[in-house]
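I have placed the structure first, in the form of structure tokens, so that the comments after it can refer back to it.
The values are calculated or read from the model by the stated rules, or taken from the named source; none is laboratory data. What you see is a predicted model, and the numbers here were worked out from it, not measured in a lab. Glycine gets a Cβ as well: all are built from the backbone with ideal geometry, and neighbour counts include every protein chain shown.
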Amino acid sequence: MEDNYVLEISGVNKTFGGLKALSNINLKVKEGTTHAIIGPNGAGKSTLLNTCIAKLVPDSGSIMFAGHDLTDGMTPHGINQLGVSRVFQTPEIFPELSLLHNVMIPAFAKRDGAFKFNLFKWLRNEKQLKDEAMHYLDDLGLADSCDIRAGSLSRGDKRRLELAMCLIQHPKLLLLDEPTAGMARHDTNRTIDLLKRIKEGGMTKIIIEHDMHVVFSLADQISVLAQGAIIAEGKPEEIKGHPKVREAYLGTVEL
């Protein structure tokens, strides 16, 4: 059976001044899999994800998703409408709004493409969307806090909220940049369990994570970045003992 690749990155390069942030990146992500990207700080991991959502434009190369080259003049909003959602390193939420409204708004924007004039009146009348938002908040252990102001949350809880904001959009491809950073181990394990259930539903995920417990619990395939280049690729059991990977980390993590 021919492999069905959701995302194909070909020959992507990105330079900031004299610094080569990405060097000839070639990466294919199979549909329905979880593909982890790991590497030391400064390796280029977040830069790579930013090129996938047009937050950064690569100097050369192409990124193909659903028949579209994401580097060919597309906007972040246009890429989101195609079915790509992103969880950022620093959670991007609406701090003055409730958790419930934070989760409802991106679903509405994805569905209708723009905000209605009287947004809050509309939110009050959207029972089906409210029920779905509560479902995701409950899955992430935030339902009891649904009416509080999002800006009052801890960093770990903000990350869980942003994940709910992405999941309610039903993306075809979910990009996760350190999704469990700042979480207690209990909440990390709860997030792992949720992401495993999402995988059973067929959603494709790319995950950047320093916590190897998370990586090896979720990843089907791992790519290792160091100094802007992919130095190793393989299944988790192949990466654990890879000498180049251990050298890149200099013993700073337990693989």
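Points worth noting:
- Candidates are the residues of the range 3-43 that are small (Gly, Ala, Ser) and modelled with pLDDT of 95 or more; the one that is nearest to Ile231 (Cα to Cα) is Ser23.
- Of all residues making up the range 1-21, the number that are in a strand (DSSP E or B) and either closer than 25 Å to Gln81 by Cβ or not aliphatic (A, V, I, L, M) (or both): 13
- Boolean, Ile207 is within 15 Å of Lys45 (Cβ to Cβ) and either buried (at least 22 other Cβ atoms within 10 Å of the Cβ) or out of contact with any strand residue (DSSP E or B) (no Cβ under 9 Å at 6 or more places or on another chain) (or both): yes
- When the range 55-80 is filtered for residues that are modelled with pLDDT under 95 and among the small types (Gly, Ala, Ser), the ones remaining, listed by number, are Ala66, Gly67, Gly73, Gly78.
- Residues that are assigned to a loop (DSSP other than H, G, I, E, B) and either among the polar types (S, T, N, Q) or free of Cβ contacts under 8 Å to residues at least 12 places away in the same chain (or both), drawn from the range 43-76: Gly67, Thr71, Asp72, Gly73, Thr75
- Taking the criterion of being in a loop (DSSP other than H, G, I, E, B) and without any contact (Cβ under 8 Å) to a residue 40 or more places away in the chain, the residues of the range 200-224 that qualify are Gly201, Asp211.
- Residues located in the range 151-178, provided they are at pLDDT below 90 and either in contact with a strand residue (DSSP E or B) (Cβ under 8 Å, 6 or more places away or on another chain) or not assigned by TED's automatic domain parsing to the domain that holds Leu99 (or both): Arg159
- With respect to the conditions (1) in a helix (DSSP H, G or I); (2) within 23 Å of Leu218 (Cβ to Cβ); (3) touching a residue at least 12 places away in the same chain (Cβ under 8 Å); (4) not acidic (Asp, Glu), Val29 lacks only one, and its number is (1).
- Condition check for Lys205: in contact with a Ser or Thr (Cβ under 7 Å, 6 or more places away or on another chain) and at pLDDT below 90: no
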